[in-house]
Amino acid sequence: MIGRTAKGWFAVTLAASLVLSACGSGSGDVQTTSGAAADGGGDKVSFTIGYASGDPAARKAISDTVERFMDANPNIEIKDISDNSASSYLDWLKTKDAVGEFPDLVEMRDTEVFADAGKIVELPSDLVELFDSPPEVDGKVWNAPLALNVPQGIIYSKKAYADAGITDLPQTYDEFLEIQEKLKASGISPLVVGGKDIFHMGFWVNKFLIDDVYAKDPDWNSKKTAQEAAFVDENVVQAMTDFKFLFQNYVDKGWLSTPDNQTASVLVSGKAAQLFSGTWMFSQIEEADPSFEYGFYAVPDREGHVNVIGLPSPAGWTLSAEAAKDPDKTEAIESFIRYFFEPEQYSLYLASLNGIPSTKEKVEYEASPAMQSALDLMNDPEVTKSLAINNWWGENLIPPQFRNWFYKKLQEMVVSDGDVSDYMKQIDTEYDNQVKTNAM
């Protein structure tokens, strides 16, 4: 099964010296052999690019790389058509496709959906060689992975912890809840959540799903699709009961109207003590307040086990099928991808969001103490690595529209104080209906 294959894959060795190993060389210019030549000869080649732009640090890092590439290659024009106002990246891509504006080079996250629809092509073999064992879908590599998946955890204010008398990090989930009580008693909102952006809901949803479901059975999605498992099963109900309890008791009351890009400012301002997110938030926090002191840790489960997002998934830069019909455009896109992953350029992208490199060639950037904590999690064989509900593929692929519907239904459950078991029945029925609809 795909899930089992993915679970066994993980071999990243990173030095414990706060540095991601040795730096390779990278030329600034990219030379091509067609009309897109960087030396100024030939006709100008233009292609569009689209990527998920909800995270400000990632958006700026990519746009800066695009600008540097065009400066070095004046005969190649890259038109950025990304839209950071879109609440759902998948819906945005489908809309662009419907109006004939699907990006030539696209950050692909739902690879199997678009591969099955014939909208994307395999990654050229010479580009595949840049990466260490990139995941395959149907035996093919479709993506140039921007980075490896990073663990999510608690980013906490050291001052808030000290003020609340918290001296030790939790070793079990019950100890984590005790910390929330101490923070609440100290007069601060324990947790900020960017619930206005639906993708942000997945951080906590998947923390509980991984602990109670995927850490024990990475093939649960395929079993649910085959109706051999259900959302009404005890383990899923327990996961969502914990989710509801946390939100109703410890999450800042304005969570449903708070966008993801405001969570860093809420944290550094002292309005909340903690944020559950990924390492990409570190740079945003430091930019909001360079003097803010914070730490990072993974929330353990009730038995004290640590389970985090950390498996690779088929996602990254992908060529559209339409662009692949144009040799000059394809060559220009390949040139950009090579440029993006040159150590000199790639290190800037990784440093901007504290990413873990996906390339064979090693990349250097200085890791903060919080980032080192994340690297330690990735390198710890005792830590179970998993994926979010919508990042599995193959037999474990969920219906493409289900994730957002699921997260919104859980928001409704929290706000309305709905019965968890009743909501799980509704969710189970909707999942089955979407599977049937997709099969038609």
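The values are calculated or read from the model by the stated rules, or taken from the named source; none is laboratory data. Everything numeric in this text was worked out from a predicted model, so none of it was measured. As a convention, Cβ positions derive from the backbone with ideal geometry for all residues, glycine included, and neighbour counts pool all protein chains shown. The accessibility values were calculated without ligands, DNA or RNA, using every heavy atom of the protein model including side chains. Shrake-Rupley method; radii C 1.70, N 1.55, O 1.52, S 1.80 Å.
Per-structure values
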| item | result |
| --- | --- |
| Within the stretch 235-351, helices (runs of 4 or more DSSP H) holding 3 or more residues that are modelled with pLDDT under 95 | 281-288 |
| Total residues in the stretch 189-222, condition open to solvent by less than 30 Å² (accessible area, probe 1.4 Å) and either over 27 Å from the mean Cα position of the chain (by Cα) or hydroxyl-bearing (Ser, Thr, Tyr) (or both) | 2 |
| Residue count, the stretch 398-418 (criterion: touching a Ser or Thr at 6+ places or on another chain (Cβ under 8 Å) and of a type in the set (A, V, I, L, M, F, W, C)) | 1 |
| Test for Glu181: is it touching a helix residue (DSSP H, G or I) at 6+ places or on another chain (Cβ under 9 Å), under 29 Å from Asp432 (Cα atoms) and assigned by TED's automatic domain parsing to the domain that holds Pro300 | no |
| Any hit, the stretch 398-419, residues being small (Gly, Ala, Ser), over 30 Å from Phe341 (Cα atoms) and not in a helix (DSSP H, G or I) | yes |
| Residue satisfying all of: in the stretch 352-370; outside any loop (DSSP other than H, G, I, E, B) and farther than 23 Å from Ser133 by Cβ; least open to solvent (accessible area, probe 1.4 Å) among these | Ala370 |
| Filter pass, Ala115 being in the same structural domain as Pro300 (by TED's automatic domain parsing), crowded, with 18+ Cβ neighbours inside 10 Å and of a type in the set (A, V, I, L, M) | no |
| Selection count, the stretch 221-234, where residues are part of a loop (DSSP other than H, G, I, E, B) and polar (S, T, N, Q) | 1 |
| Restricting the stretch 223-236 to residues that are in contact (Cβ under 8 Å) with a residue 40 or more places away in the chain and either within 30 Å of Gly270 (Cα to Cα) or of a type outside the set (A, V, I, L, M) (or both), the residue that is surrounded by the fewest Cβ atoms within 10 Å (Cβ to Cβ) | Gln227 |
| Filter result for Glu361 (over 30 Å from Asp43 (Cα atoms), in the same structural domain as Phe114 (by TED's automatic domain parsing) and among the acidic types (Asp, Glu)) | yes |
| Single unsatisfied condition, Lys385 versus (1) touching a Phe, Trp or Tyr at 6+ places or on another chain (Cβ under 6 Å); (2) outside any strand (DSSP E or B) | (2) |
| Residue check for Ala264: open to solvent by less than 20 Å² (accessible area, probe 1.4 Å), small (Gly, Ala, Ser), assigned by TED's automatic domain parsing to the domain that holds Asp168 and touching a residue at least 60 places away in the same chain (Cβ under 8 Å) | no |
| Residues located in the stretch 178-216, provided they are touching a residue at least 40 places away in the same chain (Cβ under 8 Å), in a helix (DSSP H, G or I), closer than 22 Å to Gly254 by Cα and hydrophobic (A, V, I, L, M, F, W, C) | Leu183, Ile198, Phe199, Met201, Phe203, Trp204, Val205 |
